[in-house]
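Have a look at the structure below before the remarks.
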Amino acid sequence: MKAGTNLEKVLEADQFAVTAEIGPPKGGSSKAIETKGEAIRHAADAFNVTDNQTAVVRMSSLAACGILKRMGLDPVMQMLCRDRNRIMLQSDICGAVALGIGNLLCLTGDHVKFGNHPEAKVVFDIDSVQLIAAVKTMREEGKFISGEEVAGPVPMFIGAVENPYADPFEYRTARLSKKVKAGADFIQTQAVYDVPRFAEWMKEICAEGIDRRTHILAGIIPVKAVGMARYMRDYVSGVEIPDAMIKRLEKAKDVREEGIKVILEIIEEVKVIPGVHGIHVQAVGWEEIVPEIIERAGLLPRPAL
């Protein structure tokens, strides 16, 4: 069953989609979500809400997405396998349907050792590929993993993530193909800084025809400080920042402005790569910059479908 979300409509209409990420607060303030949502509501087609990202406790993605939905926005609920077994995963999916949330991004999740509760027990009952398949079965066959029937439709537009840069590089296309075969309708990638290598990966994707079976959105992370760029290069798994970009930021008189210019250049380059259907802007903690980037990239106004 079609989810009928705004994101699905934009992608199915062959429009270049824009999604943006919203980081929920470390508490129960709905105002924090509302403020971020209002600030960027005109700048994207749908809005991801992270799910205890980097294993740090925050407001649940389900609750935050419910707030965005109430505001008239199209939320993308991120769901990690790290913290839930298959019972709770399917329960939260049913809860999302009840709240009118129609986009779901399935992830395995960072290990708890990276977060603020390193002593927590991990679950990992199933992985992201199995979760994608489970959601597809709920949507198309109306059945839970157990085989029992779901009481009512589960209209979900199913998403997954992929890292074009992770080693071994030669297996990235096969891994993405597995997720698409399981039922991923759209893919949001890790941050793209090394555009030539990303283009090489996309060439493989297109050669396999994967771009015709799913929608690929290139990840975009704005950089506002040289230290941030160095940290991501040295410590964030899967992010590859060319040394030339670091040197360019080091020489800049206005690092914030130079960082935005770098991102705008990357957006211009990925827009013309065959098989790329949109961008996913991840500016958690700096959400207010998203409208400026999207406007300067010539991607406003967003399509009204």
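Quick note: the coordinates plus some simple rules give every number you see, no bench work behind them. None of the values given here were measured: they were computed from a predicted structure. Counting neighbours? That spans all protein chains shown, and the Cβs are built from the backbone with ideal geometry, glycine included.
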*Return the FRET efficiency for the residue pair residue 295, residue 54: r is the Cβ-Cβ distance, R0 is 30 Å, and the value is rounded to the nearest 0.05.*
0.55
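Grab the Cα-Cα distance for residue 31 and residue 110, subtract it from 0.36 nm times how many residues apart they are, and report the gain in nm with one decimal.
Result: 25.7 nm gained on full extension.
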*By how many degrees, 0 to 90 and rounded to 10, does the Cα axis of helix 255-271 deviate from the longest principal axis of the chain?*
60
*Taking Cα pairs under 8 Å and at least six residues apart, what relative contact order does the chain come out at, in percent?*
20
*Treating cross-link reach as a plain straight distance, find the aspartates and glutamates whose alpha-carbon is under 12 Å from the alpha-carbon of residue 247, omitting any fewer than eight places away in the same chain.*
258
*With a point put 7 Å past each Cα toward its Cβ, work out how far residue 271 is from residue 38 in nm, to one decimal.*
3.0
_With angles folded into 0 to 90 degrees, how steeply does helix 61-70 sit against the dominant principal axis of the chain? Use alpha carbons for both and round to 10._
90
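Please figure out what share of the DSSP beta bridges in the chain is antiparallel and state it in percent, rounded to the nearest 5.
Working: 1 of 34 bridges.
Given both bridge residues lie in the chain, the antiparallel proportion sits at roughly 5 percent.
Only sites in a loop by DSSP and with at most 15 other Cβ atoms within 10 Å count here; which trypsin sites (Lys or Arg not before Pro) in region 100-184 make the cut?
Details: sites: 113, 121, 136, 139, 143, 172, 175, 178, 179, 181; in loops: 121.
Passing both the DSSP loop test and the Cβ count: 121.
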*Under 11 Å from the Cβ of residue 93, count the other residues' Cβ atoms, weight Lys and Arg +1, Asp and Glu -1, and hand me the total.*
+2
*Please report 269, 119 as a ranked list, fewest other C-beta atoms within 10 angstrom at the top and most at the bottom.*
119, 269
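Can you give the local net charge around residue 103? Use residues other than it whose beta-carbon is closer than 15 angstrom to its beta-carbon, Lys and Arg +1, Asp and Glu -1.
Working: positive: 2, 9, 69, 136, 139; negative: 8, 12, 21, 45, 51, 74, 92, 185.
So the surrounding residues net to -3.
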*Working from the alpha-carbon coordinates of region 191-305, get Rg over Rh, Rh being the Kirkwood radius.*
0.98
*Report the full-extension gain for the segment residue 13 to residue 122: residue separation times 0.36 nm, less the Cα-Cα distance, to one decimal in nm.*
35.2 nm
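Which pairs in the list 36/253; 26/113; 2/69; 121/178; 136/178; 178/271 are over 20 Å apart, alpha-carbon to alpha-carbon? Walk me through the numbers on the way to the answer.
Details: 36/253 29 Å; 26/113 18 Å; 2/69 18 Å; 121/178 28 Å; 136/178 14 Å; 178/271 25 Å.
In this structure, 36/253; 121/178; 178/271 lie more than 20 Å apart at Cα.
If you take the C-alpha gyration tensor of region 39-87, multiply each eigenvalue by 5 and take the square root, what semi-axes do you get, largest first, in whole Å? Show your work: numbers first, answer last.
Details: eigenvalues 99, 25, 17 Å².
Three semi-axes, in Å: 22, 11, 9.
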*Taking all pairs of distinct alpha-carbon atoms in region 1-101, Kirkwood radius in angstrom*: 14.1
*Report the far tail of the P(r) of the chain, meaning the percent of Cα-Cα pairs longer than 31 Å.*
26
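Which value results when the Cα radius of gyration for region 223-289 is divided by 2.2 N^0.38 Å? If you can, show how the numbers build up before the last one.
On the way: Rg = 12.6 Å, N = 67, 2.2 N^0.38 = 10.9 Å.
Ratio of Cα Rg to 2.2 N^0.38 Å: 1.15.
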*In bins 10 Å wide, starting from 0, what share of all Cα pairs of region 46-125 does each bin hold, as a percent?*
20, 51, 26, 4
_For a quick check: sort 10, 236, 226 by the number of other beta carbons within 10 angstrom, fewest at the front._
236, 226, 10
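For region 122-179, just run the numbers: alpha carbon Rg, then divide by 2.2 N^0.38 Å, N being how many residues it has. Provide the component values of the computation, followed by the final result.
Values: Rg = 14.1 Å, N = 58, 2.2 N^0.38 = 10.3 Å.
Taking the Cα Rg and dividing by 2.2 N^0.38 Å, one obtains 1.37.
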*What list do you get for 287, 292 if you sort them by fewest beta carbons within 10 Å?*
292, 287
*asked:* Taking 8 Å as the Cα distance limit and 6 or more residues as the minimum spacing, I'd like the relative contact order of region 71-132 as a percentage.
replied: 46
